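No value in this document is a laboratory result; all are computed from the given coordinates. Predicted, not measured: the structure shown is a model, and the values here were computed from it. Cβ atoms come from the backbone with ideal geometry, glycine included; neighbour counts cover every protein chain shown.
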Amino acid sequence: MSNKQDFYEKQSYRDLIGAGLSSRHLNVLEISAKYCSGRHINRILDLGCLDGKFSMLLGKNLAANEVYGVDISVANIENARSQGCKAFLSDLDSDYLPFDDASFDFIHMGDVIEHMYNPDNILREIHRLLTNDAVCIITTPNLAALANRIALLLGYQPFPMGTSLENDTGKLFISSPLLLGSHIRVFTYRAFYQLLHLHKLKVIKVVGMPLSSGGETTGRVKFVRFIERSLLASTLYKISPGLAWDLLFVLKSE
């Protein structure tokens, strides 16, 4: 795990809460509350918990008794524990997570699966860890987003797809340094839907979301937002989430 772990230890992921919640985070809070409404939430798990601040906010939002997190970064684990999150160091690509079967009433994995070499491992683990009638929310960039289709049509690399750990080549606009080389498996709506089905995770709802920049003001952000404004994305994505920049899947175990 060391080479991969070293890579993520060096990534300068900012304080998500300190920078203000993104639209993606707000969507997760709203939709998780909706689908968990009326249920007692004992334990939740945040896969790829970073510094644990959003994990704890999710726990508060769902009135959970206990909040657990998993991350590959030692620094993130230490920070998450300082927030009150019961965080564990683990590689989601390969590890069997240190929890009993049917341990969690809610699981969140936000923009993590696209960073993985072996997404099948964590999808099997999610299925194993969900209690009966538990809810899982997974968000991920959409390879077939409108802006990516336009970039590819013009002969450029789709925005979420990296080409190197050190350089961002072939892009219409340079992406944020945070994305450099870290996206490995980027899915279309159809591809991820089918993969979830193979792992016995039933799709309850799919929400198409616009670009959530987190304060980034690069050419990529300006281009994507221009496309979204021009095509009335907020309406279009409701009709056809497969065209959205980000996808949010609400899941239950089959």
Legend entry - Per residue, the convex hull volume that the Cα atoms of the chain enclose (Å³): 116 Å³
Inset, instruction - Determine the calculated [θ] at 222 nm for the chain from helices alone, applying -39500 (n - 2.57) to every DSSP H run no shorter than 4 residues and normalising by the residue count; nearest 500 deg cm²/dmol. - result: -10000 deg cm²/dmol
Legend entry - Folded to 0 to 90 degrees: helix 23-35 orientation relative to the chain principal axis, Cα: 40 degrees
Inset, instruction - Go through 50-58, 187-195, 85-93 and give me the packing order, highest mean Cβ count within 10 Å leading. - result: 50-58, 85-93, 187-195
Legend entry - Net charge of neighbours whose Cβ lies under 11 Å from the Cβ of Thr139, counting Lys and Arg as +1 and Asp and Glu as -1: -2
Inset, instruction - Pull out the extension gain between Lys202 and Asp133, defined as 0.36 nm times the separation in residues minus the alpha carbon to alpha carbon distance; nm, one decimal. - result: 23.7 nm
Legend entry - Magnitude of the charge dipole, segment 39-139, Cβ model with Lys/Arg +1 and Asp/Glu -1, debye to 20: 420 debye
Legend entry - Crossing angle, helix 74-83 versus the chain [Cα axis fit, 0-90 degrees, rounded to tens]: 60 degrees
